[in-house]
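Input: a single structure, listed below in structure tokens.
FYI, it's all coordinate maths here, none of it is from the lab. Since this is a predicted model, take the numbers as computed values, not measurements. Here the Cβ positions follow ideal geometry from the backbone for every residue, glycine too, while neighbour counts run over all protein chains shown.
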Amino acid sequence: MAASLPPQKYTRGHTVGLVLAPFSGGQPRGGVEHGPNQLLENGLAKQLRALGWTVEGDGPDAMPDFESLRPAKELVHGILKNPLFVSRVTQKIHELVKKTCAEGKVALTLGGDHSIGMGTVSGSAAVHDNLGVIWVDAHADINTADTTESGNLHGCPMSFVMGIGPKVEAFSWLKPCLRPSRIVYIGLRDVDQGEKRILRENGIKAFSMHEVDKYGIGRVMELAIAHLGADCPIHLSFDVDALDPSVAPATGTPVRGGLSFREGHYICESIFETGRLVSMDIMEVNPQLGADHASLVQTIQVGCSLVRSALGETLL
Ligand SMILES: [Mn+2]
């Protein structure tokens with residue numbers, strides 16, 4: 001089908017390379033590893049093709065088996081859970097995202113828990129100079145091995161890609177690849193004390209729900225994109241828990257007072273309009289959580305529609 005999509009500045013043509021990340025080792029709840037399969041079963045690839053994209057990576061044998069990467073013996077680093085397992089999986093994802101971006105495609109990673117962001121951000125940054133990251137989340141996910149109170153690595157990806165905090169031996173492959181000035185947060189409302197200090201000390205731009213309420217999402221996106229600069233490639237990492245639990249209930253760490261359905265979609269639409277989206281994550285869809293089947297279906301459908309909006313679907 002002929003693409004009516006406008007040209008994208010940093011990619012060649014209109015090809016999406018899917019990176020499937022059925023992984024839950026960065027947090028304690030089972031189920032989130034089924035996120036990619038559920039998003040695909042809901043027709044995500046077909047929906048993107050209908051928008052004019054060529055979609056790769058959804059073949060019958062595409063789903064990777066990360067269990068084979070589980071180490072027989074874990075490394076110990078304080079209270080961190082599964083550091084070696086998370087390291088091996090995120091390194092694999094890093095390689096897949098890097099390869100996809102190097103081929104001039106948009107890398108779309110379907111999670112899985114947000115520890116996967118270590119691989120996606122670093123993989124995209126390995127190809128795209130001056131990458132700007134828009135991290136849409138209820139949480140800052142910027143704890144270090146020192147500040148984490150849970151030991152769950154899905155709360156740590158940002159500090160790991162920035163290279164702040166103590167070195168963790170298991171992650172020797174992960175080199176610092178993101179400066180604080182290249183990050184914008186949107187949707188924060190549940191930030192740990194240690195994380196608040198890190199955000200402050202590093203001068204990281206963050207639009208919490210307070211700023212979304214105050215300025216409106218339109219102004220927030222203008223400011224967010226202006227902060228990153230008018231001409232940089234953009235990585236969007238969208239944790240569905242950024243949305244209000246009434247919009248996306250089937251997720252591991254829901255926090256009330258979140259983004260509305262439209263605010264979430266507006267974020268995606270305005271990033272597509274820049275023509276500079278080079279990679280995207282949709283994370284923390286957990287089909288085993290949520291009160292009933294309807295909340296599961298609702299969450300998966302909203303995950304798909306966020307991706308469509310980021311890849312050019314418009315209301316008119
Ligand atoms: Mn997150």
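Observations, loosely collected:
- Gyration tensor (alpha-carbon) shape descriptor, the range 209-260, a/c threshold 1.5: oblate
- With neighbour counts taken as other beta-carbon atoms within 10 Å, the residues Cys101, Cys232, Cys304 rank, fewest first, as Cys232, Cys304, Cys101.
- Average Cα contact separation per residue, the chain, under 8 Å, 6 or more apart, as relative contact order %: 22
- Positive-pole candidate from Ser309, Ser24, Pro233, dipole of the chain, charges at beta carbon: Pro233
- Rounded, prolate or oblate (a/c below 1.5 giving rounded, otherwise prolate when a/b exceeds b/c) for the range 54-144 by Cα gyration tensor: oblate
- When each of Trp173, Trp53, Trp135 is scored by the number of other beta-carbon atoms lying within 10 Å, the sequence from fewest to most is Trp173, Trp53, Trp135.
- Hull-based mean projected area of the chain, where the convex hull spans the alpha carbons, in square nanometres: 14.6
- Prolate/oblate/rounded label for the range 123-232 (Cα gyration tensor, a/c 1.5): oblate
- Relative contact order (%) - the range 1-160, alpha-carbon pairs under 8 angstrom, separation at least six: 29
- Residue-count net charge about Trp173 - beta-carbon cut-off 14 Å; Lys, Arg +1, Asp, Glu -1: +3
- Dipole magnitude (debye, nearest 20) for the chain, charges at Cβ of Lys, Arg, Asp, Glu: 660
- Neighbour-count order for Lys214, Lys73, Lys196, fewest beta carbons within 10 angstrom listed first: Lys73, Lys214, Lys196
- By average C-beta atoms within 10 angstrom, highest first, the peptides 45-51, 105-111: 105-111, 45-51
- Here is how the number arises for the chain: DSSP H runs of 4 or more residues each give -39500 (n - 2.57), the sum is divided by the residue count, and the result at 222 nm is -10500 deg cm²/dmol.
- Lysines with Cα under 28 Å of Lys99, excluding same-chain neighbours fewer than 8 positions away: Lys9, Lys46, Lys167, Lys175
- Cα pair distances in the range 208-316, grouped into 10 Å bins until the bin that holds the longest one, percent each: 15, 46, 32, 7, 0
- If you wrap the tightest convex hull around every Cα atom of the range 1-41 and split its volume per residue, you get 113 Å³.
- Proximal charge balance of Glu269 [Cβ under 12 Å; K/R count +1, D/E count -1]: -1
- Net charge of neighbours whose Cβ lies under 12 Å from the Cβ of Ala102, counting Lys and Arg as +1 and Asp and Glu as -1: +2
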